[in-house]
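Below: one structure, written as structure tokens.
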Amino acid sequence: MNWFFQLQRDALLALVRVIVGASVLARQAPPAHTVIFSNHTSHLDTLVLLAALPHAQRNRTRPVAAADYWNAGTIRRYMARRILNVVMVDRSAGGAAALVPLEKALDEGWSLIVFPEGTRRQERLPGPFKTGLFHLTKTRPALALTPAYLENMYRVMPKGAPLPLPLLCRVRLGESMRNDSGEDKDAFLSRAHAAVCELADGKAAA
Amino acid sequence: MSEGFVAIGLLLLGILVVASAIGYALHLRSEGRSDTVNNLNARIRAWWGMAVVMFGAMLLGPTVTLVVFGFASAMALREFLTLAPTRQADYWPLFIAFFVAIPIQYVLLGMKWYGLFAVFIPVYIFGLISFASALSQDTESFFQRNAMILFAVMVCVYGVSHAPGILILDIRGFAGRNVELLFFFLFIVQLSDVLQYVFGKLFGKHKLSPKVSPSKTWEGLVGGGLSATLIGGALHVVTPFSFWVATAVALQIVVCGALGGLVLSAVKRSLGAKDWGSSIAGHGGFMDRLDSVTFSAPVFFHIVRYFWT
């Protein structure tokens, strides 16, 4: 990404920080190469997570997002492709094919931000996770997965809200985990889900 | 700029210089290892910032002053409603609180429209927010949510806005000097807080309100409150009041301020927090500094309006 797009991104993220704070609550900084997975309640979530990352890490991190949303309209496409460097996923493709762009980005050394619920939810706690996170990491047992919880964003900008409310949102980052103990899909996904819920209840972070 | 305004500016400067010198001496003596002293110095540094912003705004005129107070209201409301457990169905009530109540309340002050300023929030915003709440179709703890939002708006917007409200009054024999009276009010409110803290730290023994605000003591309240009241009397030169009247008015500011501080401590504790926020180093949030303003400003405003206009 060139400096001109980086500048636009950092200006946008500075605006996000003015509106919702986006301060970080973490015992330790996330690993340099990692997949950050988080609950998802608003269109601002991607920006809030990016805003919460230190600058060097931000430059190595690409958000994963639905192609159908980010390709709709010139401004969104510009933001996704130029400013945020989004890894586009085709939600209709499903299965292994949908994960190919993610695997490619990981192999190129990028960190990723994913929302494993697959859609926005209107509540404090995340809904069930889709299986992508499991399939992505099954063949990468050493890959660090960092759970994240976005506070308050379900109140800041619920579905259909035209403007974000200026409530303060903290980003809680947990200890990273791995998919390296041969768990089956359900056991791994429920462990990942529980990690986000624990952050929501303020157990792991603070 | 009047002579009185310059004089109180110099007084404020003097107090801050002395406070910083004392803070520095304590820092040297404790070698930076005392949390109390470090917090004291963080507070003093933040006081420099707040004094420069407030005094600068008042120097630049009523419009800038209103903008600064509007911003402070918004920051306080944000801290309050971040802690208050509203739900996603409260989006439109909160939208009205942030984007309708605050701008209009301060624009009304800018227009010097006293009649609507006085009733806008208790009449119109009270209705609008309640209607929006009811229309959101979520009855889960409806009454608590609606009441929380209305209380937050009364405190952070209605209460706070009455401090700069002083600027729109036509005070007899005091034309063009309203800003001095605003300064008087803010100075006494904050000085009372500071002196209660200092007296409490030096002489505090008997807890005033162990459950609500464990650090407050009777010695702090009486010593700090009475000192601030007497200093208020001495500052009558920047008010339309005589010495004794200024003392009585300062006593009103001190009493309402202390009780208002207690009310908001109780609210804060019921929401499970120690500080309202972390945006002002050493102090907590905006609400931690505005708590004693919120209940005393409207009473002070109406005393001045009733007897001196």
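All of the numbers you see were taken from the coordinates with simple rules; none came from a lab. The structure presented is a predicted model; accordingly, all values stated were derived computationally and were not measured. Every residue, glycine among them, receives a Cβ derived from its backbone with ideal geometry; neighbour counts consider all protein chains shown.
Annotations for the structure displayed:
- Whole-number percent relative contact order across chain A, with pairs defined as alpha carbons under 8 Å at least 6 apart: 31 percent
- Extension gain (nm, one decimal) between residue B:245 and residue B:63, 0.36 nm per residue minus Cα-Cα: 62.6 nm
- Neighbour-count order for A:121, A:9, fewest beta carbons within 10 angstrom listed first: A:121, A:9
- Here the spin labels are modelled as points 7 Å beyond Cα on the Cα-Cβ line, and at residue A:122 and residue B:309 they lie 4.5 nm apart.
- Whole-number Å³ per residue for the convex hull built on Cα positions in chain B: 125 Å³
- Cα gyration tensor category, rounded, prolate or oblate, for chain A with a/c compared to 1.5: rounded
- Each of the trypsin sites (Lys or Arg not before Pro) that DSSP puts in a loop and that has at most 10 other Cβ atoms within 10 Å breaks chain B; the longest unbroken stretch is B:34-171.
- Projected area, mean over directions - the stretch B:79-133, Cα convex hull, nm²: 3.9 nm²
- Each label was represented as a point 7 Å from its Cα along the Cα-to-Cβ direction; for residue B:124 and residue B:203 these points are 4.9 nm apart.
- Relative contact order, percent, chain B [alpha-carbon distance under 8 Å, six or more residues apart]: 19 percent
- Taking GluC sites (Glu not before Pro) as exposed when their DSSP state is a loop state and no more than 15 other Cβ atoms lie within 10 Å, the longest site-free interval of chain B runs over B:141-309.
- Label zone (residue A:175, point 7 Å along Cα-to-C-beta; backbone nitrogen cut-off 20 Å) within the stretch A:103-147: A:141-147.
- Across the stretch B:62-161, the relative contact order, built from alpha-carbon pairs under 8 Å that are at least six residues apart, equals 46 percent.
- Among the GluC sites (Glu not before Pro) found in the stretch A:18-124, those both in a DSSP coil and sparsely packed, with 10 or fewer other Cβ atoms within 10 Å of their Cβ, are A:108.
- Theoretical gain in end-to-end length, residue A:56 to residue A:69 [0.36 nm per residue, Cα-Cα removed]: 1.9 nm
- Against the rule of thumb 2.2 N^0.38 Å, how large the Cα Rg of the protein assembly as shown comes out: 1.12
- Each label point was placed 7 Å from the Cα along the Cα-to-Cβ direction; for residue B:48 and residue A:108 their separation is 4.8 nm.
- Filter on B:216/B:268; A:159/B:268; B:205/B:274; A:138/A:185; B:205/B:268; B:211/B:268 - keep pairs with C-alpha separation over 20 Å: A:159/B:268; B:205/B:274; B:205/B:268
- The stretch B:28-138 - Debye-derived log10 I(q)/I(0), Cα point model, q = 0.10, 0.13, 0.17 Å⁻¹: -0.47, -0.69, -0.92
- Helices assigned as whole DSSP H runs in chain B whose Cα atoms extend at least 20 Å along their own long axis and whose mean Kyte-Doolittle hydropathy is 0.0 or higher are found at B:3-30, B:35-60, B:62-83, B:178-203, B:218-234, B:243-270, B:286-308.
- Cα-based shape type of the stretch B:236-309, given that a ≥ b ≥ c are square roots of the gyration tensor eigenvalues and the cut on a/c is 1.5: prolate
- Per-pair calculated FRET efficiency, R0 = 25 Å: residue A:12 and residue B:107 via Cβ, rounded to 0.05: 0.30
- Calculated FRET efficiency for the pair residue B:142/residue A:92, C-beta based, R₀ 45 Å, to 0.05: 0.65
- The stretch B:123-183-the stretch B:190-210 distance, computed between alpha-carbon centres (Å): 29 Å
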